[in-house]
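Right, one structure below, let's go through it.
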Amino acid sequence: MKFEIAGRWTRSVIFTADIEATEDTPFSIKLGLAVKAAVKVGANLYGANLDGANLDGANLYGANLYGANLD
């Protein structure tokens, strides 16, 4: 499925990931999978709204998360 990561302030789409999830997969898991996919391809997540993302086991080495909402 396609999952979009939005900007923290503008709410506009900054990255779209193709993740393996179903509609009933919790939002936190889908967002976490999308972040992992973005980091894997070197996407810039500057200012992303990652509130509630499940990043368990994510390797974020080198990721640009400046200004991201990581609540």
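The values are calculated or read from the model by the stated rules, or taken from the named source; none is laboratory data. What you see is a predicted model, and the numbers here were worked out from it, not measured in a lab. Reconstructed Cβ throughout: ideal geometry from the backbone, glycine too, with neighbour counts over all protein chains shown. Quick note on the areas: whole protein, heavy atoms, side chains included, nothing else; ligands and nucleic acids left out. Shrake-Rupley method; radii C 1.70, N 1.55, O 1.52, S 1.80 Å.
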Self-check item: Odd one out for Ala48, checked against (1) more than 21 Å from Arg11 (Cβ to Cβ); (2) surrounded by 12 or more Cβ atoms within 10 Å (Cβ to Cβ)
Solution: (1)
Exercise. Would you tally the residues in the stretch 52-71 being among the acidic types (Asp, Glu) and open to solvent by less than 40 Å² (accessible area, probe 1.4 Å)?
Key: 0
Quiz prompt | In the stretch 1-22, the residues that are open to solvent by 100 Å² or more (accessible area, probe 1.4 Å), over 8 Å from the mean Cα position of the chain (by Cα) and modelled with pLDDT of 95 or more | solution = Lys2, Asp18, Glu20
Quiz item: Can you pull out the residues in the stretch 5-59 that are assigned to a helix (DSSP H, G or I), among the aliphatic types (A, V, I, L, M) and out of contact with any Leu (no Cβ under 7 Å at 6 or more places or on another chain)?
Solution: Ile29, Leu33, Ala34, Ala37
Self-check item: Selection count, the stretch 23-41, where residues are within 12 Å of the chain's Cα centre (by Cα) and charged (D, E, K, R)
Solution: 3
Exercise. Tally the residues that are open to solvent by 30 Å² or more (accessible area, probe 1.4 Å) and under 23 Å from Trp9 (Cβ atoms), restricting the search to the stretch 23-35.
Key: 2
